[in-house]
Amino acid sequence: MSEADQTVAGFDVPEVEAWMAANTRVQPPCTWTRLEGGHSNLTYELTDAAGDSFVIRRPPEGELLPKAHDMWREFRIIDALHPVGVPVAEPIGYCDDRDVCDKHFYVMGKVGGEALYTAEQTAPRLDTAARGRVGASFVDVLAHLHAIDPAEVGLAELGRHDGYVARQLKTWYGSWTMSAEHADYDDDRLHALHDRLQADLPEQGPARVVHGDYGVHNVMVDDEGNVAAVLDWEIGTLGDPLADFAYALNAWIEPSDADNAAEVSPTALPGFASRDDLIEHYAERTGADLSNLGYYRAFNSFKTACILHGVYARYKLGMKSTDGVDMEGLFNRIVQSIELAEQHLGS
């Protein structure tokens with residue numbers, strides 16, 4: 001698609017291109033190419049008249065939950081982090097003018113590399129040496145993020161500074177209890193986990209910007225194995241950096257992991273660092289006390305179980321089509337997450 005009057009889902013192209021011409025360095029007319037992914041947000045690559053590439057993002061069409069698909073949150077975070085060397089896309093412009101678009105949107109620079117989704121996709125692209133560099137670069141970026149004082153980059157008001165894990169426990173435990181009847185599944189082990197995690201809440205240190213979904217699926221990795229940019233800051237907030245790091249650890253699959261994720265995960269390929277390597281590198285980079293890391297990993301596995309349980313309940317209620325959905329596999333992932341949480345706590 002290359003004409004300014006083309007039909008692009010979610011955008012009035014002439015209006016948006018006129019806004020970009022007046023408010024950004026984008027030089028319309030642009031070629032618009034739909035990009036998949038991005039948590040259902042409508043995302044397009046733009047190539048302008050000068051041959052420069054950009055990305056434009058807006059929420060999906062239709063009614064949305066009040067805090068869902070927060071484009072302003074994403075934009076303000078990359079706008080704050082880009083000048084201090086965290087690898088994020090260049091912030092180009094943000095628009096909340098309903099005369100231009102029915103939903104707010106933002107434009108950012110296009111970054112190179114690819115996110116790592118599957119072993120099949122990753123194996124031919126990264127050789128063994130490049131795979132070996134991914135882990136260190138992945139941790140370096142997170143350590144850099146966690147070293148930044150939010151107040152010094154204008155993000156002091158991004159979220160509350162205390163009680164991150166406590167609030168998350170309350171939210172996701174509430175989700176589990178509300179979903180149990182509809183899911184037709186409850187589990188005493190989940191309730192026991194909640195009680196243990198609540199009783200042993202660690203004291204949180206200074207709040208830092210946390211990504212909330214930091215994994216190789218949300219970073220762009222270049223052909224040399226270096227993280228070129230971190231994407232999808234939609235749930236970024238202020239919180240406990242050790243919870244953020246533990247989430248990344250849980251998502252970093254190893255070949256010996258018991259479930260079938262090891263068969264498809266990119267980080268289970270030969271050459272990738274182990275989780276122990278990531279832990280050692282993060283400790284060296286940050287000086288953080290990781291003696292309670294098992295708690296944070298258990299917390300994240302607990303949270304994963306609750307999230308998947310809610311998804312399972314919505315399928316069982318008929319709120320989402322189960323066509324092509326492996327319901328047994330989804331159920332098994334809930335159980336596996338509970339079992340992993342118990343293991344991390346030493347049960």
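Pairing residues of the range 87-100 that are of a type in the set (Phe, Trp, Tyr) with residues that are in a strand (DSSP E or B), at Cβ distances under 9 Å and at least 6 apart in sequence or on separate chains, gives Tyr94/Phe105; Tyr94/Tyr106; Tyr94/Val107. Residues of the range 168-189 that are hydroxyl-bearing (Ser, Thr, Tyr) and surrounded by fewer than 16 Cβ atoms within 10 Å (Cβ to Cβ): Thr171, Thr177. Say we look at the range 182-205 and pick out the residues that are assigned to a helix (DSSP H, G or I) and free of Cβ contacts under 8 Å to residues at least 40 places away in the same chain; which of these is farthest from Cys306 (Cα to Cα)? My answer is Ala199. For the range 319-338, which residues satisfy the criterion of being of a type in the set (D, E, K, R) and exposed (fewer than 15 other Cβ atoms within 10 Å of the Cβ)? Of everything in the range 319-338, those that are of a type in the set (D, E, K, R) and exposed (fewer than 15 other Cβ atoms within 10 Å of the Cβ) turn out to be Lys320, Asp323, Asp326, Glu328. Here the range 9-41 is the region considered, the condition is being exposed (fewer than 14 other Cβ atoms within 10 Å of the Cβ), under 23 Å from the mean Cα position of the chain (by Cα) and assigned to a loop (DSSP other than H, G, I, E, B), and the residue that is modelled with the highest pLDDT is Glu36. Beta carbons closer than 6 Å, at least 6 apart along the sequence or on distinct chains, pair a first residue in the range 246-259 that is assigned by TED's automatic domain parsing to the domain that holds Gly271 with a second that is of a type in the set (Val, Ile, Thr) and outside any loop (DSSP other than H, G, I, E, B) for Trp252/Thr267; Ile253/Thr267. Taking the range 250-277 as the range and being assigned to a loop (DSSP other than H, G, I, E, B) and more than 21 Å from the chain's Cα centre (by Cα) as the test, the residues that pass are Pro255, Ser256, Asp257, Ala258, Asp259, Asn260, Leu269, Pro270, Gly271. For the range 130-167, a residue qualifies if it is part of a helix (DSSP H, G or I), of a type in the set (A, V, I, L, M) and surrounded by 21 or more Cβ atoms within 10 Å (Cβ to Cβ), and the qualifying residues are Val134, Val139, Val141, Leu142, Leu145, Val165. How about the range 126-154: which of its residues are closer than 13 Å to Met220 by Cα and more than 21 Å from the chain's Cα centre (by Cα)? Passing the criteria: only Leu126. Within the range 294-308, residues that are farther than 24 Å from Glu181 by Cα and assigned by TED's automatic domain parsing to the domain that holds Glu339 sit with their Cβ atoms under 6 Å from residues that are part of a helix (DSSP H, G or I) and among the small types (Gly, Ala, Ser), at 6+ positions apart or across chains, in these pairs: Tyr296/Ala243; Tyr296/Ala246; Arg297/Ala246; Ala298/Ala341. Restricted to strands (runs of 3 or more DSSP E) entirely inside the range 43-124, no element has at least 3 residues that are of a type in the set (Ser, Thr, Tyr). Scanning the range 209-230 for residues that are farther than 16 Å from Val134 by Cα and either out of contact with any helix residue (DSSP H, G or I) (no Cβ under 9 Å at 6 or more places or on another chain) or surrounded by fewer than 22 Cβ atoms within 10 Å (Cβ to Cβ) (or both) yields a count of 2.
Of all residues in the range 81-93, which are farther than 14 Å from Val111 by Cβ and touching a Lys or Arg at 6+ places or on another chain (Cβ under 8 Å)? Residues satisfying the conditions do not exist here. Can you name every residue in the range 42-52 that is of a type in the set (Val, Ile, Thr) and either modelled with pLDDT under 95 or in contact with a helix residue (DSSP H, G or I) (Cβ under 6 Å, 6 or more places away or on another chain) (or both)? Correct list: Thr43 only. Of all residues in the range 136-148, those that are assigned by TED's automatic domain parsing to the domain that holds Ala251 have Cβ atoms under 8 Å from Cβ atoms of residues that are among the aromatic types (Phe, Trp, Tyr), 6 or more apart or on another chain, in Val139/Tyr282; Leu142/Tyr214; Leu142/Phe245; Leu142/Tyr282; Ala143/Tyr282; His146/Phe245.
Yes/no per residue for (1) within 24 Å of Val153 (Cβ to Cβ); (2) part of a helix (DSSP H, G or I); (3) within 18 Å of the chain's Cα centre (by Cα):
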position: Gly212; (1), (2), (3): yes, no, yes
position: Glu224; (1), (2), (3): no, no, no
position: Glu234; (1), (2), (3): yes, no, yes
position: Ala248; (1), (2), (3): yes, yes, yes
position: Ile279; (1), (2), (3): no, yes, no
position: Ala283; (1), (2), (3): no, yes, no
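The values are calculated or read from the model by the stated rules, or taken from the named source; none is laboratory data. Here the structure is a predicted model, which means the values were calculated and not measured. Neighbour counts run over all protein chains shown; Cβ positions are idealised from the backbone, glycine included.
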